[in-house]
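A short worksheet on the structure shown next.
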Amino acid sequence: MKKLVLICVIALALPATAAAKGPAGALIVGPGTTIRVSGAEGSATPFWRLVEATGWFEAAWGSPSHLPQEQPPAELGPRFTVSWRVPSSTRLQQELYPYAKPSPLTYMPPGQKLYGTPVRGGWFTGGAKLEKVLLRIGVPAQAPAPQPPPASAGHAPPAAQATSDSVLSAFDIAAITAGAVFVALVLFVAIRARRRPQRTIPA
């Protein structure tokens, strides 16, 4: 009987133990950036500092406090995506805004399942702590410059096209001018020939 009770207690304790676990790894993807980080739970590694600085527990479990669902007033800047790998559960997606002003922000969409339980999600202000750990794991300090749109295939860039049009126009003008000069010379010779007096040959 005691053995049966002990088994029941262990079985009931397993979900709570699993729910208390945090992520074991993360994949961060953003403009020109792909970073993989991992580490043991509770250790003072850059990975675990990232977990705490992104507000992972607040967003996933609402612990120690629930996060607001409305975006705080800020200039977000480029968006990064953090894919959290959680042992024995599905991955959680979290948006990361490392260059948001006045402070870096994260946002975890609610409704994702963690051990079968919907996450609470919400916005989290990382502050200087998040900014520092992002630099440490390799996120660039400055936002990448926006890339210019690629030129359409089969079409020359505007500058090259304008130069080509200018060259063709100059060639046409030169051809017309040469033709006009040639016609003028022919007319001049013809008129001179008509005005020249004919010589009479004596008998």
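The values are calculated or read from the model by the stated rules, or taken from the named source; none is laboratory data. Note that this is a predicted model, so its numbers are computed, not measured. Note that each Cβ is placed from the backbone with ideal geometry, even for glycine, and that neighbours are counted across all protein chains shown.
Numbers at a glance
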{"read-out": "Single condition Pro78 does not satisfy, out of (1) closer than 23 Å to Lys132 by Cβ; (2) over 24 Å from the mean Cα position of the chain (by Cα); (3) in contact (Cβ under 8 Å) with a residue 60 or more places away in the chain", "value": "(2)"}
{"read-out": "For Thr90: the one exception among (1) without any contact (Cβ under 8 Å) to a residue 40 or more places away in the chain; (2) surrounded by 15 or more Cβ atoms within 10 Å (Cβ to Cβ); (3) β-branched (Val, Ile, Thr)", "value": "(2)"}
{"read-out": "Options Trp56, Trp61; residue that is of a type in the set (Phe, Trp, Tyr) and modelled with pLDDT under 95", "value": "Trp61"}
{"read-out": "Candidates Ala53, Ala100, Ala145, Ala60 - the one that is of a type in the set (A, V, I, L, M, F, W, C), closer than 20 Å to Ile28 by Cβ and free of Cβ contacts under 8 Å to residues at least 24 places away in the same chain", "value": "Ala145"}
{"read-out": "So Ser83, is it of a type in the set (Gly, Ala, Ser), closer than 25 Å to Lys21 by Cα and at pLDDT 95 or above", "value": "yes"}
{"read-out": "Counted residues, the range 86-113 - those being under 22 Å from Pro23 (Cα atoms) and in contact with an Asp or Glu (Cβ under 6 Å, 6 or more places away or on another chain)", "value": "2"}
